[in-house]
1. Within the set of other residues whose C-beta is less than 10 Å from the C-beta of PHE185, count the net charge using Lys and Arg as +1 and Asp and Glu as -1.
2. Quick check on the chain: of the DSSP beta bridges with both residues there, what percent are antiparallel, nearest 5%?
3. Which number gives the lysine pairs in the chain that have C-alpha atoms under 22 Å apart and are eight or more places apart or on different chains?
4. Under a 1.4 Å probe, what is the accessible area of the stretch 101-186 per residue, stated in Å²?
5. Just the accessible area per residue of the stretch 1-88, please: how many Å² with a 1.4 Å probe?
6. With a sphere of radius 10 Å drawn around the Cβ of TYR40, what net charge do the other residues whose Cβ falls strictly inside it have (Lys, Arg +1; Asp, Glu -1)?
7. Would the stretch 74-171 count as rounded, prolate or oblate if I go by the C-alpha gyration tensor, calling it rounded below 1.5 in a/c and otherwise prolate when a/b exceeds b/c, oblate otherwise?
8. Of all the stretches in the chain, which is the longest one without any exposed loop site, taking trypsin sites (Lys or Arg not before Pro) in a DSSP loop (any state but H, G, I, E, B) with at most 16 other Cβ atoms within 10 Å?
Amino acid sequence: MLDDDHFAMVVGDVSGKGVPAALFMVITKTLLKDTAEHEYNPAKVFEHVNNLLCQSNDSGLFVTCWMGILTLSTGQLNFANAGHTAPIIRNKGETKYLATKPNLMLAAMDGIPYVNHSLKMEKGDKLFIYTDGITEATNEYDELYGEDRLLHVFKSISDKGNAPRDVLGIVRNDLDDFVLDAPQFDDITMLAM
């Protein structure tokens, strides 16, 4: 909660692995949180954080990120995408990817403008934000889980009134059933609202 009427949500994915990547993500998360506390436009948050991250990014790491700020009293959702996967939304009875042209990821280049998008959410709408560790998960035959399967699973549960925690469990179970014993090489993060 940014205040009594604004709720921020963000999912990001840092390039690289290990301690340097983890530290870079902690810095990014802190900057995003601190900036969003006084700026309710996700594009402006990204512009500010991007410039700060670029100042001392000797390691060449970057972060893909999706951020939305929901005004609870009106249902207005403002969001921006910094090179991240498109979330899935259930809005006005339609389930689809919330596809917009993504801007460049954070920390890739100084001075990049980001675009703010908006839509009106209604009671009962659902939003599912995730990292590409889900869609790029592979089974023992090197087949990708993929966007089509994720959308199909989300569509099958979005009409049933499932709570966000249930949605996460259903997606995770379907992913586990697909992957079985194949080793995974990427983190998996999911956020349902």
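The values are calculated or read from the model by the stated rules, or taken from the named source; none is laboratory data. All values derive from a computational prediction rather than experimental measurement. Positions of Cβ are backbone-derived with ideal geometry, glycine not excepted, and every protein chain shown enters the neighbour counts. Heads up: the accessible areas ignore ligands, DNA and RNA and are worked out on the full protein's heavy atoms, side chains in. Shrake-Rupley method; radii C 1.70, N 1.55, O 1.52, S 1.80 Å.
1. Surrounding charge for PHE185 is -2.
2. 95 percent
3. Pairs that pass both the separation and distance tests number 24.
4. Working: 5080 Å² over 86 residues.
Here the residues of the stretch 101-186 average 59 Å² of exposed surface.
5. Details: 4000 Å² over 88 residues.
Per residue, the stretch 1-88 has an accessible area of 45 Å².
6. Net charge in that neighbourhood comes out at -3.
7. Verdict is oblate for the stretch 74-171.
8. Excluding the exposed sites themselves, the longest stretch runs over 18-91.
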